[in-house]
Amino acid sequence: DLDTQPEVELSLDELLDQDPNAVAGILSRLYASFALSGPDGAGSSDIDDNAGESPFLRGIINLQDFTADAIKNRWGDDGLDQLTTTSNWDENNKFFRYLYNRIYYTIPQANNLLLVLGAVDLDNKDQIEGEVRFIRALAYYYLIDCFGKGVLATEENYGTSEPLPEVDRQELFTYVENELLAAEELLPDTNEYGRANKSVARMLLAKLYMNAGVYTGTERFDDAATYISKIIDEGGYSLDADFVSIFSGDNFMSNEIIFPLIADSQNSQSYGNTTYIINGSLGTETMTLSQFGAEEGWSGHRATKAWYGLFNNGDLANSTDDRAALFWTEGHSYEMTDYKKWTDGYPSIKFRNTFYYSASNPTSFSSTDFPLFRLADAYLMYAECAVRGAAGASMSTALGYVNAVRNRSNAGSVAQSDLTLNFIMDERGRELNFEGHRRSDLIRFGKFTGNSYLWPWKGNTVNGTSIPDTYKLFPIPLTALEANINLTQNPGY
Amino acid sequence: VVTDATTQEPLPGVSILLKGTTQGTATDFDGNYVLQANLGDTLVFSYIGFQSKEVVVSGSSLSVVLLEDTTTLDEVVIIGYGTTTVKDATGSVSSVTTEDFNKGAIVSTDQLLTGKTAGVRITNNGGQPDSAPNIRIRGGSSLTANNSPLIVIDGIPVDNTNPAGVSNPLTLVNPNDVESFSILKDASATAIYGSRASNGVIIITTKKGLSGEFKFNFSTNTTVSKVGKKIDMMDGDTFARFIKEYHPDYTNYLGVDDPSTDAVDDSSTDAIEGRILYNTDWQDAIYRTAISFDHNLSARGSILKTVPIRMSLGYTESQGLVKTSDYERITGSLKLTPRLLDDHLKVDVNAKGIMSKKNAIDEGGALGGAVNMDPTKPVYDNSYGNLFGGYYQNVKIEEDDEYNITRLDGQWNPVALLMQRYRPERVQKLLANVELDYKMHFLPELRAVANVGIEASKSKIKEVYVDNSIATYQINDTEHESVFNEGVNYRENQDIVNRTFEGYLAYAKDLGGAINNFDVQAGYSYQNFKNDGNKEIYRYNLDTGVREVQPNEQNPTNRYFNELNLQSFFGRANINFYDRYLLTLSFRADGSSLFVKDNRWGYFPAAALAWKVKEESFLKDVDVVNNLKLRLGWGRTGQQDITGQVGFYPSVPLFEAGSATSQYLSGYALYSAINFNPDLTWEKAETYNAGLDFGLFKGNILSGSFDVYYRTTKDLLAFVPTAPGQSLGSSFAKNVGETESKGFEINFNVKALSQEKMALEFYGNTSYNRAEVTNLKDATYISAIESDIPTGTGVKLARHAVGYQPYSAWVFKQLYDAQGNPIHGAFADFNGDGVVDNDDRYYKALRPNWTFGFGFNFNYGKLDLSSSFRGQIGGQVYNSRRLSLGWVDKAIPNNSNSLSNVLDFYNGAADFNFVNVQGNVPFSDYFLEDASFLRCENIVLGYRLDDAVPNVSMRFYGALNNPFIITKYDGQDPENFNAIDNNFYPRPRSFTIGVNVDF
């Protein structure tokens, strides 16, 4: 018969017949696309790229943190080396392709689910639609932030084979803004763990508005303040008592995390979730793996003095700030004279795989969820809006939020007069480094390119050097240019 | 008695005529004859396929030896759904029969054919005993769809998908059972096979039974093989010197710790303190002198003198050059060819069974490990406390307050990898068919032919580790102790059942007039391929370190199921005008289950015209010209096989369940939507072919053929990056564009000497093929997915670019200093814009345009000597050894405490200027080298002994296979199908002795 029937793979009808929760299962897959590599374990990949190297979260760490001041990788892998030294970027670099392919894997998968939703009967259809539209907006957010342009693939043009036209950053911005506003309406106030609710959509919207000046040339800090206030006032989140608990294997218990990317040593294995952060920051040469609940140390990432220098001028031993204790100094030197040498620079032990509230055994994959959005970030975003004079944000409230974040870590209160943009930038560094925000932050503060701020190995020199403004965007990968002739390269590449 | 000069077998049915009379007779089954004649009369002996001979009667008994005529015009040539003769063939068809086959160490059927015919390039993947052949006829017509020809065995088109555990589908036919190959090259010949014929067709016919008494043949041979060329790595002493000079911080990683001293090396001194340095050649450690055996027994004859039968039994035991890479095979075949109902019903029953067992080694681990492993480390470690069964392994001891944990570090000992794992892959396969060919009693011109076949296989794969295997070493995290997991690590079972039914009606009529004769046929073909298997996958328990079955709730047996269905209608007409002009018209309609209904059917017409110039009056009586025929052909063929990249359901939307380790939201099973492309349809190739067959001088001293062709392929099926956001993944199959290719082929044969006692024959072939990508619709190039270079995945060297040959490397022009050494990272800025970027890259074709083969056969009495050669001119190979092993910093560890060996910089195998290989460096044309080569395929010397035992004829022979290769290429072997030389399993250099006994 020329109509052959598969017996393992399922059509939509067969799937719905077999599993009443099938739609939630497809939705689960969309969320998972930010943390896992593929459908069949850590060795499988949804996209053509290497399953270990290409997952979404790993891309965010590589592109947001290694390129910035706080974290450097020493492996010397072709492509990664260029990120870590912010030099010699070009369209051939596979690490740009990984994130780009991931973004454009998640978007059509979301479009597909929106079309599926149109064809099925479900009670909570609106909520699921809101979740899918949030997920798609999140993928587009990284396109706007990292690449600055692309195609607008939606459920409406899904399945067309003619190459879509290129759209600019402004158009993508407007689209994502509208999508998030719509999603906010559809989403519930609270949702199951790992799923989007109103606050999650508002957080992404606030991040979009915070960076609107960079993305579109028009600042939107007033709007950012509005949505951050809603999260703080209506979200029901509170700061966790201990900073370390937010980054431990049992951080699913946190009340501070607004949106996690889930990892589980048994059920959600990936070389691209927090496993990459934790194992990559450990090395048996100087550290004991079991102390951090890991089985493998990849001797890759170390912080630089641009991060730990923010604590007590680098005198970590005498700092009262709990966050200053989260660097492994034994056997390591303060200066990173050679970024390829493991013992140059302190590894960050902010993330770990041990449990905070109970004992646990080491595992080869991490169980620590990645806090993509958390309340402390919202507090510092609010403070930044206030300092930037956003309507509706008050300096006194801002001071309260900043000191709440600082006092949680015994860092000591600051005065309202201390709240300057430079202070906010540093405080964001102390609090949020290695959480995938740093490059965007530095660009927003005008510190990423040029020579107003230098950090170790910026521009591939030990003390840092100026890099061109074109580095505010990554090059469009060659494979994308190959597959759609309407796409054009970013300037400077 | 009349016998065959080559086989020494009696010839039945030879006609004997008393010259100048009509008196005559024929030989019986044993070659005997009786004829009344006088002394001094001349007898004329003639037999189809042999040169006629005139002998003067000199006594009452006259034994005659007939020489086979290899280019005889009446020789039957097998074509699609029927046969023709050399003189009547209209398409480009090459026939290769027993006496032309390669000899010596032959394990698989494709090896018989390598280098033997123009336009057919066979490149195996390396020296594994069942190495997969890449067969390309006229270069292949597709970019990334299957480019292999269709293979038809005794009338059954076989599956393109190999059973699990089989790399080479052609090991599944015992080479000793093969009688002939017919290679259909141009579209006019192949279009009758339509859908699967774009890349040519190879028809394999196995040997038949004979009428008459049983004859037996026993053959046996033994082969000894050695590795020809190793990679030029540093030895232990050189490596120690290199580390001291270039990486003095790392001298304490050399060798192993000297337990008798606490000393740590002081890198400022010449000596290396505190370490014991070994000198291990890790390549020698994984290779061996391989010994192989091959035994075959066959019987041919007739049951009750009416049912011709042939049976054979073969046993092969073949060792690969890499330790434990073993292959074993038992084959059996049966062929019955009775003629029933007054010869009206021809029945052809074939059954071929095979059992093979291969120990599949971890090739990348062993070959890669052997070149990477530090040569100052030992293979074995018999010290007290060795955990790993006596094999050396680098470890790190992690000290905690309470306990020490031993962790594996760096490379795994490649010898242990080979010796500690056993992975038998067992395959049983049956290929059987019954063909009924019925000539109607009421209308003998009309035949009905039906062919029913089955191709079934059963594979069982099991992977087992012995105790103390490095690969199974784990740590129990609760008890903090070492755990080894001997036993099963993987299983796979697979059943393949492919069914074929073909039937056609054929009508043939001799008219003798203007239309001398004609035949027409029409038929239907049904093929169904079903591949059903399951896997047992294991994982290590993360707490206990114990290996356990990995649960998979959604698909507990990890089943996979693939089905393909092809259906066709076909027809052909041959018309012969004045016995001089031959016209062939054919048509085929094909449906494939891979495409949706609207795109499913492809239509493939063809036409060919042949002009037998020799039959024209002006040439008829010219003795110098024995044969001259001109052929013209046109045809369209199709391609649909992209299953290798996108599976068997590429056109419809489907979902798959996530595995147990790929779940996300708690409480919901995870499902992914699978990529698909509903617009997929047939790729179509159109070929024009012109050919000339010739035979010149008395006895056809010079014969051969010349073909020239032009082919365009449209709607190319290719696996390409998809437009971002417009499909459910980043790449998928698509109909993308067009290519054209042109070329020519020459085959020739020279009978330099043709006497009873002494014969010398030369043959040769050469072909030229050049393809070009002419259109890629929306794109100007697509990356070639098979051109990964070993610098992380997804980095492609080659492209299919408009205006260039498919599969051209896209590279930078390396700059060199005055001494001729490459300057690291310096490339030509072709466009002069001051920046070296992708705009400065250029294309260099990787595949060769010229391939050739030649050889000779020499007989002197009972002695025979033959040799064959083949090679290519042009083509490039990317010497990735220089990329992966030829840079200074390669030696030092990344996230381990182990050093890696490097190419020997000191003798020029690599260049000290290459400290790292980042950025544009891997794309330098420095790594490309000319791949031209001339390889001696074999040299065979044999001697025949006829009368040592009555009625027994024996031939003893010795053969050298692959004794030498002439090339400028620096790496391991220039003959590399993907043109990227990395972890290449070396082709053996071997010596075979054997005997062939007929009785």
Residues of segment A:243-274 that turn out to be within 24 Å of B:Ser659 (Cβ to Cβ) and more than 13 Å from chain B (Cβ to nearest Cβ), as a count: 1
Could you count how many residues in segment B:666-686 are in contact (Cβ under 8 Å) with a residue 24 or more places away in the chain, part of a loop (DSSP other than H, G, I, E, B), facing chain A (nearest Cβ under 7 Å) and in contact with a helix residue (DSSP H, G or I) (Cβ under 6 Å, 6 or more places away or on another chain)? 1
Just to be sure, is A:Val167 within 30 Å of B:Ala779 (Cβ to Cβ), touching a Leu at 6+ places or on another chain (Cβ under 6 Å) and among the β-branched types (Val, Ile, Thr)? yes
Give the number of residues within segment A:457-493 that are touching a residue at least 60 places away in the same chain (Cβ under 8 Å) and in contact with a Gly (Cβ under 6 Å, 6 or more places away or on another chain). 3
Answer from B:Ala784, B:Ala779 - the residue that is without any contact (Cβ under 8 Å) to a residue 60 or more places away in the chain and outside the structural domain of B:Lys185 (by TED's automatic domain parsing): B:Ala779
Segment B:90-116 - residue that is more than 11 Å from the chain's Cα centre (by Cα), crowded, with 23+ Cβ neighbours inside 10 Å and hydroxyl-bearing (Ser, Thr, Tyr) and, of those, farthest from B:Cys936 (Cα to Cα): B:Thr90
Among the residues of segment B:267-277, are any without any contact (Cβ under 8 Å) to a residue 24 or more places away in the chain and among the β-branched types (Val, Ile, Thr)? yes
Looking at segment B:771-806, which of the residues that are closer than 19 Å to B:Gly644 by Cα and among the aliphatic types (A, V, I, L, M) is surrounded by the most Cβ atoms within 10 Å (Cβ to Cβ)? B:Ile782
Consider B:Asn404 carefully, then state whether it is under 30 Å from B:Thr289 (Cβ atoms), without any contact (Cβ under 8 Å) to a residue 40 or more places away in the chain and surrounded by fewer than 21 Cβ atoms within 10 Å (Cβ to Cβ). no
Being assigned to a helix (DSSP H, G or I) and facing chain B (nearest Cβ under 7 Å): is that true of A:Ile103 here? no
Can you name every residue in segment B:194-244 that is of a type outside the set (A, V, I, L, M), closer than 30 Å to B:Trp887 by Cβ and in contact with a Leu (Cβ under 7 Å, 6 or more places away or on another chain)? B:Asp232, B:Gly236
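For A:Val23, are the conditions met, namely being among the β-branched types (Val, Ile, Thr) and more than 7 Å from chain B (Cβ to nearest Cβ)? Lay out the reasoning, then the answer.
Numbers: among the β-branched types (Val, Ile, Thr): yes; more than 7 Å from chain B (Cβ to nearest Cβ): yes.
For A:Val23, the condition - among the β-branched types (Val, Ile, Thr) and more than 7 Å from chain B (Cβ to nearest Cβ) - is met.
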Only residues that are within 22 Å of the chain's Cα centre (by Cα) and acidic (Asp, Glu): list them for segment A:100-132, please. A:Glu131
Condition met for B:Phe648 (within 14 Å of another protein chain (Cβ to nearest Cβ), of a type in the set (Phe, Trp, Tyr) and outside any loop (DSSP other than H, G, I, E, B)): no
I'd like the residue in segment A:18-73 that is polar (S, T, N, Q) and closer than 18 Å to A:Ser268 by Cα and, out of all such residues, is surrounded by the fewest Cβ atoms within 10 Å (Cβ to Cβ). A:Ser44
When you scan segment A:6-17, do you find a residue that is more than 9 Å from chain B (Cβ to nearest Cβ) and either crowded, with 24+ Cβ neighbours inside 10 Å or at pLDDT below 90 (or both), even just one? no
Working only within segment B:532-543, note down all residues that are in a loop (DSSP other than H, G, I, E, B) and closer than 20 Å to B:Val464 by Cα. B:Asn541
Odd one out for A:Trp307, checked against (1) surrounded by fewer than 17 Cβ atoms within 10 Å (Cβ to Cβ); (2) within 16 Å of A:Glu435 (Cβ to Cβ); (3) aromatic (Phe, Trp, Tyr): (1)
Would you tally the residues in segment B:547-567 being more than 11 Å from chain A (Cβ to nearest Cβ) and crowded, with 16+ Cβ neighbours inside 10 Å? 1
Among the residues of segment A:426-454, which ones are modelled with pLDDT of 95 or more, touching a strand residue (DSSP E or B) at 6+ places or on another chain (Cβ under 9 Å) and part of a loop (DSSP other than H, G, I, E, B)? A:Asn433, A:Phe434, A:Glu435, A:Gly436, A:Phe448, A:Thr449
Filter segment B:703-730 for residues that are within 14 Å of chain A (Cβ to nearest Cβ) and of a type in the set (A, V, I, L, M, F, W, C) and give the result. B:Ala718, B:Phe719, B:Val720, B:Ala723, B:Leu728
Check on B:Ser898, in a loop (DSSP other than H, G, I, E, B) and of a type in the set (Gly, Ala, Ser): yes
If I go through segment B:932-971 residue by residue, how many of them are under 25 Å from the mean Cα position of the chain (by Cα) and of a type in the set (Lys, Arg)? 2
Count of segment B:623-672 residues which are touching a Gly at 6+ places or on another chain (Cβ under 6 Å), farther than 17 Å from B:Asn558 by Cβ and of a type outside the set (Phe, Trp, Tyr): 6
Look through B:Tyr781, B:Tyr816, B:Tyr763 and report the one residue that is under 28 Å from A:Glu162 (Cβ atoms) and of a type in the set (Phe, Trp, Tyr). B:Tyr781
Anything in segment A:395-420 that is touching a helix residue (DSSP H, G or I) at 6+ places or on another chain (Cβ under 6 Å) and surrounded by fewer than 18 Cβ atoms within 10 Å (Cβ to Cβ)? List them, or say none. A:Met395, A:Asn410, A:Ser413, A:Gln416
Filtering segment B:401-445 down to residues that are closer than 30 Å to B:Ala471 by Cβ and touching a His at 6+ places or on another chain (Cβ under 7 Å) yields B:Tyr403, B:Ile405
Condition (residue is surrounded by fewer than 24 Cβ atoms within 10 Å (Cβ to Cβ), free of Cβ contacts under 8 Å to residues at least 60 places away in the same chain, within 14 Å of chain A (Cβ to nearest Cβ) and not hydroxyl-bearing (Ser, Thr, Tyr)) applied to segment B:693-702: is it met by at least one residue? no
Residue list for segment A:275-286, restricted to those being at pLDDT 90 or above, out of contact with any Asp or Glu (no Cβ under 8 Å at 6 or more places or on another chain) and either within 10 Å of another protein chain (Cβ to nearest Cβ) or surrounded by fewer than 24 Cβ atoms within 10 Å (Cβ to Cβ) (or both): A:Gly280, A:Gly283
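The values are calculated or read from the model by the stated rules, or taken from the named source; none is laboratory data. Fair warning: this is a prediction, and the values are worked out from it, not measured in the lab. When we count neighbours, we look across all protein chains shown, and the Cβ atoms used for this are built from the backbone with ideal geometry, even at glycine.
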